[in-house]
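What follows is a short report on a single structure.
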């Protein structure tokens, strides 16, 4: 992986300090199972964790401080024929270094910064180990930088409009404060729900292949037919089509109910319009949402899916494999800085 690029000054004069750990981490390759091509082993530096100091500056802490813990004690439980969704989810949390009890979306972005970052790092490592089969995980990590940016901006708006002893808020400021708190919790919930719904499936498939997914479906743990069809396609060597199924399910089944609720009422409609205007593609070469769909709404599933399917996916698929890997393995906060610089270009 190339060295991180020099960081420009962040918004609001926040100093961006990039400290990336040296060295490589060769991760084992697991058999994908049932016709899927075995993934090629790669060596790449572990992403560094992103921290935000009290001034809002991004700091990357060396990867050695937070490398995913080796899973040993729970290996027998997950290998057993009776392994459940909860068994796999527990393994994912342990690998990512996440304490589920601390993942409280109501506590705000700063309080959840470590968990959000670690979840995206886990996606990166899953893609790193299985770049052919786990394309959804790679795109999810790439999209994480845009989610990260949005959450940081919402939190900044919340802090800027927060009532204080020294300032008597007007009606508009009070509305902005309440709305920013709601948006922050909603986006954090969306991000967590996607991880909890799809990460364990990736681990189960990587460990034991399609037969395990079929067993989990019969056991009632894997209940989404489109997701199961996605794994069948991936196992049958149709990775692009299978990952598209996972992506469609993520957008339609997991995220769309949040978008629908978010757009209700006058304030919701205004907020959705603003998000639609400001949403950029996470994929290099991809068009911003409103450039692709000038009259579209990001909260409308058909508009959003058309943008993802007709612009974002082709942009991702046109990237050479080494560039895909480079982008996915770029540390999250470093990618935020790269995106900010790219957004400022004419």
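The values are calculated or read from the model by the stated rules, or taken from the named source; none is laboratory data. Please read all numbers here as calculations on a predicted model, not as lab measurements. FYI the Cβ positions are ideal-geometry reconstructions off the backbone, even for glycines, and counts take in every protein chain you see.
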Filter result for residue 156 (modelled with pLDDT of 95 or more, at negative phi, in contact with a helix residue (DSSP H, G or I) (Cβ under 9 Å, 6 or more places away or on another chain) and surrounded by fewer than 20 Cβ atoms within 10 Å (Cβ to Cβ)): no
Taking the stretch 224-266 and keeping only residues that are outside any helix (DSSP H, G or I) and over 21 Å from the mean Cα position of the chain (by Cα), one is left with 236, 237, 238, 263, 264
Only one of these is crowded, with 20+ Cβ neighbours inside 10 Å, modelled with pLDDT under 95 and in a helix (DSSP H, G or I): 180, 269. Name it. 180
So, residue 121, is that one in a loop (DSSP other than H, G, I, E, B), within 19 Å of the chain's Cα centre (by Cα) and surrounded by 20 or more Cβ atoms within 10 Å (Cβ to Cβ) or not? no
Unique match (being surrounded by 21 or more Cβ atoms within 10 Å (Cβ to Cβ) and within 20 Å of residue 131 (Cα to Cα)) among 191, 227: 227
Where residues in the stretch 126-137 are crowded, with 24+ Cβ neighbours inside 10 Å and closer than 16 Å to residue 201 by Cβ, which of them is nearest to the chain's Cα centre (by Cα)? 137
How many residues does the stretch 293-329 contain that are touching a helix residue (DSSP H, G or I) at 6+ places or on another chain (Cβ under 9 Å), part of a helix (DSSP H, G or I) and under 20 Å from residue 136 (Cβ atoms)? 18
Quick check on this structure: which one of 221, 193 is closer than 21 Å to residue 94 by Cα, modelled with pLDDT of 95 or more, in a helix (DSSP H, G or I) and in contact with a helix residue (DSSP H, G or I) (Cβ under 8 Å, 6 or more places away or on another chain)? 193
Quick check, is residue 202 part of a helix (DSSP H, G or I), more than 18 Å from residue 274 (Cβ to Cβ) and out of contact with any strand residue (DSSP E or B) (no Cβ under 9 Å at 6 or more places or on another chain)? yes
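Considering the stretch 285-299 alone, what residues qualify as being crowded, with 16+ Cβ neighbours inside 10 Å and under 20 Å from the mean Cα position of the chain (by Cα)?
Residues satisfying the conditions are 286, 287, 288, 289, 298, 299.
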Hits in the stretch 94-108 (condition: in contact (Cβ under 8 Å) with a residue 24 or more places away in the chain and either touching a strand residue (DSSP E or B) at 6+ places or on another chain (Cβ under 8 Å) or closer than 10 Å to residue 185 by Cβ (or both)): 105, 106, 108
Being in contact (Cβ under 8 Å) with a residue 12 or more places away in the chain and exposed (fewer than 14 other Cβ atoms within 10 Å of the Cβ) is true for just one of 321, 315, 333. Which residue is that? 321
Any hit, the stretch 205-221, residues being within 17 Å of the chain's Cα centre (by Cα) and surrounded by 18 or more Cβ atoms within 10 Å (Cβ to Cβ): no
